[in-house]
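Please treat every number below as a calculation from the coordinates, not as lab data. Just so we're clear, the structure is a prediction, and the values are computed from it rather than from any experiment. Heads up, the Cβs are rebuilt from the backbone with ideal geometry, glycines too, and the neighbour counts pull from every protein chain shown.
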């Protein structure tokens with residue numbers, strides 16, 4: 001049976017080479033080809049002479065705040081898995097689509113609002129390594145990171161002013177207008193805007209209140225979606241059935257208040273709104289304000305760890321003279337977790353193949369039959385037992401019942417049950433351990449497990465090195 005599955009390799013090295021080739025091919029597909037294929041399926045909308053903008057929401061780099069019960073190696077593995085997913089897919093998007101601008105919609109990190117400066121600096125370096133360092137996009141020019149999220153600074157009266165100041169110093173001023181191809185992009189700190197405390201909300205509300213007459217098309221960028229009727233459908237591209245409009249809790253609220261939302265639309269008069277925070281997709285048209293119907297698109301999270309099956313980004317193509325002509329569509333990333341499942345399957349298959357090969361190479365003493373017993377557990381036949389019992393009976397007849405004195409030179413004979421050894425109880429436990437040790441040794445040798453463990457460790461080390469040096473460091 002084993003020969004059906006395992007070819008007759010001259011040495012383990014031939015099997016190792018073949019398995020490494022399979023692993024390299026698997027890594028190449030999942031780490032390079034699949035992300036590139038997903039990105040190539042995304043096409044910019046057909047707009048004449050367009051400016052192309054890639055909109056990214058909620059990367060929210062995970063940490064122990066994301067998974068409170070995970071520490072040590074398990075948290076490190078989770079972070080690596082998500083970070084690698086983000087990096088390879090983001091790189092594939094930029095390589096394939098070559099957007100003119102990249103705009104983030106907040107929640108860059110998962111717990112920036114409560115973190116120390118040292119912790120934030122470390123997490124920011126992670127963010128840079130994934131989204132900034134390798135690419136020709138300059139922050140504040142064609143890379144906009146200055147729309148804050150509730151995980152960046154907090155929400156409402158819970159906004160952490162120190163975290164907000166740190167966000168501004170790191171990612172740029174909030175509550176600003178950036179003009180791109182004759183279209184004004186309004187980046188709003190909707191978290192502070194939602195606060196009741198004047199010392200928190202005054203800057204954002206002053207910004208909204210100071211907006212002048214509209215001379216160019218406008219696009220509003222807000223992390224938190226604006227208020228909407230809970231009965232409104234988000235469209236067929238949403239994974240969950242509906243958006244929980246009334247949802248709120250510690251440091252978050254799913255929608256802005258109705259009156260604040262109305263004031264935003266009334267003052268800024270946006271042609272279209274892009275938001276994040278919800279992690280899932282939503283495309284609605286708000287009820288008319290001053291006769292103006294405004295479309296809002298809530299962009300899906302780019303992360304595989306945000307409770308959605310299919311992470312995505314949003315593509316926006318537009319041109320403008322006096323009116324805005326635009327089109328936008330969703331762009332799905334590589335389907336997550338398929339690579340993880342395949343790696344686990346291949347690891348199990350690799351282990352089984354190495355085990356079967358080693359069993360095939362086991363010592364000949366375990367591969368032939370013998371008339372002699374192989375262990376001390378040999379059980380005699382019925383005839384052998386009868387003969388043994390007969391001989392014992394004859395021995396007992398020849399031995400006297402007790403000591404007999406014949407003369408001065410006589411001696412005593414003792415039966416086997418006339419004394420006991422003090423060490424009998426201790427030797428019993430020792431015999432048990434000895435038998436267990438012998439059984440384990442026989443089992444390990446019988447199935448050739450020591451070479452199996454050695455070969456598995458060698459192969460595992462090579463696979464990890466190929467993955468890390470060939471597919472992670474080269475991203």
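Structure above, values below:
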| read-out | value |
| --- | --- |
| Alpha carbon Rg of the range 18-57, scaled by the compact-globule rule 2.2 N^0.38 Å | 1.83 |
| Ascending count of other beta-carbon atoms within 10 Å, so fewest first, for 320, 434, 187, 115 | 434, 320, 115, 187 |
| Hydrodynamic radius of the range 74-132 per Kirkwood, over alpha carbon pairs, in Å | 12.9 Å |
| Taking 427, 116, 275 and counting other C-beta atoms within 10 Å, the order from fewest to most | 116, 427, 275 |
| Beta bridge orientation in the range 44-322: antiparallel %, DSSP, nearest 5 | 45 percent |
| Packing-based exposure ordering (other Cβ within 10 Å, fewest first) of 465, 331, 42 | 465, 42, 331 |
| Rounded to 5, percent antiparallel among DSSP beta bridges of the chain | 55 percent |
| Cα-Cα P(r), the chain, percent of pairs per 10 Å interval | 3, 15, 21, 16, 10, 8, 7, 6, 5, 4, 3, 2, 1, 0 |
| Nearest 10 degrees, 0 to 90: helix 198-209 Cα axis against the chain principal axis | 50 degrees |
| Long-range Cα-Cα pairs in the range 44-322 (distance over 22 Å), rounded percent | 56 percent |
